[in-house]
């Protein structure tokens, strides 16, 4: 298979959270184009079965291939956890998830071998981060805590807000008692309230943002595979956004967190792919 | 069509919220059996299209018919809004929604013709309550306010909680400025934080709980149609619960809000109906 170096990167998520991953790719790989897909009609993924998530991921990858992407980042913890292995075998292009890069950095950052993970109920009960971390170092102790209100608080836009701080204090008090020195932000929404989480945990706890780590992993991979974009950027705005529903609401949210003005988000019928 | 008076009532919702409607039916129609279905695999409905919600509602009604129900209550504001008219034409049994009963009571309760409605973003932006209310009395002024954090707060179980009070104060301050004297709880989760909402709005505002009003409407309808259960209750626990995913979590929540111990919730594949 011949891959066009100047083709875009495909990034997908169950909704808007993956924009934090797209944002890190924009910052750290500024010469790359991006096609983003948010599955806003079928969000949330956290409460759906493994088979369903694999089916959804296949559809989205077929859509992204129709946009001629050269590589794909699954910017969703649930889909990374359930579908990555399967779709890697089925599709003939490089595919990255958001779980392994964060786990590798957390395992090397910890000094006391005690790592916390926060995420949605689905991600935490799947214990996917724990499995990855224990593969890297069986001596690690991993403490998970589901924080189901963080996503709706982020989607409400209450990013720097006393209510969010109050909720964070309650959720994180349990983890603070576990003497962790490293905390993985195991949901793509959480980097948007990173400062609140950091303030509550205290400066001795290293926060690992898998969005950032995944962007660096993508850069390394493109370099190694000789797939880094080389052409002059031809477009003023090399980013395209697609969703399965509620395009306007998505555009509004994207504009609130991206360092660019997104003027259009296209709605597509993902069930056709 | 011949209907068995002693058959159960079918009640369905996108998830757990409709349990507040089931609870009012249990309290106010204690001789009736209930079959409840919560579409926990496909929740939330508020962000899905009209066509999708109609398709889901048809599937669920076919499932409830397989359980031989004598009447159906759509205990979900979105499904009531999008699907009620369509499914009433398609199925040959009585079907009630949760929107009209609440609107009728609110229209007769208000003295100053100023009514507030709170609900999910989907329900509020659909302006369905406003349409119903203006049909009853074109002189009514209706003020809607979406409260997207109320559902996750209820699902987290933070029912009597300072964080919930704080969130309610923020959401409701706008409505307090509108001088409404009546407020419709336009989401089935909200009766569970009714006391918090009432405390914030003050005692001069009448709260209308469509769950309760719908139970009374159901009782009237069964009486008029001569469909009220007459037989001796044969079962110790005449309520059965079905979901499309996460049965254990549902059982836990049901036990926290119903005045009965629910021991089993059955998971079914709703896509087969």
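Here, each number is a calculation from the coordinates, and none is a lab measurement. As the structure is a prediction and not an experimental result, all values here were calculated from the model. Positions of Cβ are generated from backbone atoms using ideal geometry, with glycine treated the same way; all protein chains shown enter the neighbour counts.
Worth pointing out:
- Relative to the dominant Cα principal axis of chain B, helix B:77-90 is inclined by about 40°.
- Per-residue mean of foreign Cβ neighbours for B:151-160 is 3 (Cβ atoms of other chains, 10 Å radius).
- By the helix-only formula, in which each DSSP H run with n ≥ 4 contributes -39500 (n - 2.57) and the sum is divided by residues, the protein assembly as shown has a 222 nm mean residue ellipticity of -13500 deg cm²/dmol.
- Among B:63, B:237, B:150, residue whose mean-square fluctuation peaks in a GNM of chain B (springs only between Cα atoms under 10 Å): B:237
- Rg/Rh for chain B (Cα atoms only, Rh after Kirkwood) is 0.95.
- Each of residue B:51 and residue A:170 was given a label point 7 Å from its Cα along the Cα-to-Cβ line. The distance between the two points is 4.1 nm.
- Exam field: residue B:27 pseudo-label spacings to other copies (7 Å along Cα-Cβ), nanometres: 5.0
- Cα gyration tensor, segment A:138-273 - rounded (a/c under 1.5), prolate or oblate: oblate
- Separation of the residue A:194 and residue B:204 label points, Cα + 7 Å toward Cβ, nm: 4.8 nm
- Rounded to the nearest 10 degrees, the angle from helix A:50-66 to the longest Cα principal axis of chain A is 40 degrees.
- One way to sum up the overall shape of the protein assembly as shown is the equivalent ellipsoid from its Cα gyration tensor, whose semi-axes run 44, 25, 24 Å, largest first.
- Comparing B:122, B:202, B:177 in a Gaussian network model of chain B where C-alpha atoms under 10 Å apart are linked, the largest mean-square fluctuation is found at B:177.
- Only alpha carbons enter this Debye calculation for segment B:168-209, each as an equal point scatterer, and the log10 of I(q)/I(0) it gives at q = 0.24 Å⁻¹ is -0.80.
- A convex hull fitted to the Cα coordinates of segment B:1-89 yields 89 cubic angstrom per residue.
- Separation of segment B:50-70 and segment A:70-140, taken as the distance between their Cα centroids, equals 38 angstrom.
- Range of Cα positions in segment A:99-210 per principal axis (Å), largest first: 38, 26, 20
- Bridge type composition, segment A:99-210 - antiparallel percent by DSSP, nearest 5: 0 percent
- Acute angle (nearest 10 degrees) that the helix A:162-176 long axis makes with the longest principal axis of chain A, alpha-carbon atoms: 70 degrees
- Legend: translational diffusion of segment A:1-154 by Stokes-Einstein, Rh = Kirkwood radius over C-alpha pairs, 25 °C, 0.890 mPa s; D = 151 µm²/s.
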